[in-house]
1. For segment 32-189, divide the Cα radius of gyration by the Kirkwood radius and give the resulting Rg/Rh value with two decimals.
2. Please report how far the C-alpha centroid of segment 87-145 lies from that of segment 374-403, rounded to the nearest whole angstrom.
3. Please work out how much accessible surface His207 shows to a 1.4 Å probe, ignoring ligands, DNA and RNA, in Å² rounded to 10.
4. When the accessible area of segment 19-112 is computed with all protein chains present and a 1.4 Å probe, what percentage of it is carbon and sulfur?
5. Any idea of the accessible area per residue across segment 174-312, 1.4 Å probe, to the nearest Å²?
6. Which Cα, out of Phe250, Val267, Val278, lies furthest along the positive dipole direction of segment 238-279 (beta carbon charges, K/R +1, D/E -1)?
7. Between Glu26 and Arg174, what length in nm is gained on full extension when 0.36 nm per residue of separation is reduced by their alpha carbon distance?
8. Excluding ligands and nucleic acids, what accessible area in Å² is computed for Thr79 using a 1.4 Å probe, to the nearest 10?
Amino acid sequence: MQYIRTEADGQFAFSETVDFLKIPSELYGFRNTQTDIATAFSGRRVFCFCGDVVIEEEELICQECGAKMHVHAHPEPITLRHVPLGGDLTCLRFPHNRFFCPSCGATRSQYLSFKAVGHLITEALCQYARDLLATGMYTNKAVGEITGLGKNVVKEIDKQRLQDKYTIDGVKLRKPEYQAKYLGIDEFKLHDGRRYATHIIDMERGHVLWIGHGKKKQIVYDFIDHVGMDWMEGVEAVACDMNSDFQEAFEERCEWIQPVFDYFHIVKNFNDKVVSEVRREEQRRLIEEGNIEAARSLKRTRYILTSSRVTLQKKDQEAAEGKVLSRSSELFHKEAVLRKSGYEAKYDALLAENELLFTLDLIKEKLSEAYRQTDEAIMAEMMIDIMDLCSAAKNRNLLWFKRLIENHFEGIIAHATYRISAGRIEGLNNKIKTLRRQGYGYPDDEYFFLKIFDISICLPTRDILNRSKNLLENSFTTNFTNKTNHPPRRLRGQSKRCWNMSLIFFAKKIKNFSKKC
């Protein structure tokens, strides 16, 4: 490979132009004089571009005294990893000059404009790795395989990218540059051993706004202190689960924010704590009474009892159409798995045999109908009917569910006004689980939290933030100037809501008293 380099604008002149491509290297000042081919430990071919770096006259001026500096006679060679060419790796090898001032004795190394800060790689390779990581489609291991870098180097590059994007000098999170109307808060598993963390997100965009260790009130307090009370005045409601600490924390600091308990959490509590327990208790009761056949009919029915009738009808329809759940394989001698039928018939048979299961079905249908309402008064009346059904059944699990509704009544009926759900929060929790499994765990919590910030935005673009230095320009929408200071919404609607609740409650009591008389 015989070729020469001209001094005109860093262009190359090859002896056989048909064998080479002229590609801009962006290695300003580097002169390639020889190229060697070697083999890496991984077996990949490595192109080693040997040469030297041009010394500018300005660099020979001492910054301390202004005298002319000398170049050391025997500079140490340095090797920098460079951008790979297809499946081949590349590197630069050249002597790294060191200057010495005979007047004041100061020394310094030659400045390399193409070297990445903190790593023995070129800036082009560092930017290439950042671009791959910014897409969100590659794990750190995959980026290391593509670029030929070690996993620790890739992790440091990625962490620096995330700190540039979401923090100020790596010590403080950036404040959101847009106004969120609805918030969502939930905890997720951090590590084994009952360690949890809590994230707060914007329900309309799905972006993570805050993450903290634990699941206590202090998480909410720290978030409010971070964004400020002026920003919190634009928030109207927060979607959360039945964790009372989150609800109380928002009510203590921002009493105008309305906590909302969505359909998912109330039905999950009903299925896990009521339906499943009632099925087990009924099965034990039938066995004690000697009714073995009836007890056997309750085995493997948890899915049927916790599903809605619409879901069961849909599965029966799929069975009638012959839906294939798993294809057959002649290679591995596997038969096709088809959708089974008889879900709704089995469900009706269970309800006909057990009165308590019929009550559970009635409550489940009323819950579904109540959460479709858009008027708080109508929804409150329907929830009170559900509490009456729980009281009439005199079952300890249903009485627990009644107390759950009573303790969270205002947040439940608020769903009629604020039509928000925890769908985005639960979806983000699934992304977090996938992220943790892909990385085989993240012992560095700070890096893990920054990765969660990144996956919530989910913009598969190049890392232009590092190029333009305009941080967060492409990730957030700045619409903060049109914020208006309106009176607290919860205070305006609280008296009306409480008055409607009181009327409905006393009307029910009078109705029940009249029946007893």
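The values are calculated or read from the model by the stated rules, or taken from the named source; none is laboratory data. Keep in mind it's a predicted model, so treat the numbers as computed, not measured. Every residue, glycine among them, receives a Cβ derived from its backbone with ideal geometry; neighbour counts consider all protein chains shown. For accessibility, only protein heavy atoms count, side chains too; no ligands or nucleic acids. Shrake-Rupley method; radii C 1.70, N 1.55, O 1.52, S 1.80 Å.
1. Numbers: Rg = 21.1 Å, Rh = 19.0 Å.
The Rg/Rh ratio comes out at 1.11.
2. So the two Cα centres are separated by 66 Å.
3. That residue has around 20 Å² of solvent-accessible surface.
4. Numbers: 3210 of 5910 Å².
Using a 1.4 Å probe with all protein chains present, segment 19-112 comes out at 54 percent carbon and sulfur.
5. Working: 6140 Å² over 139 residues.
Ligands and nucleic acids excluded, the result is 44 Å² per residue.
6. Val278
7. Working: separation 148, 0.36 × 148 = 53.28 nm, distance 3.26 nm.
So the extension gain works out to 50.0 nm.
8. 60 Å²
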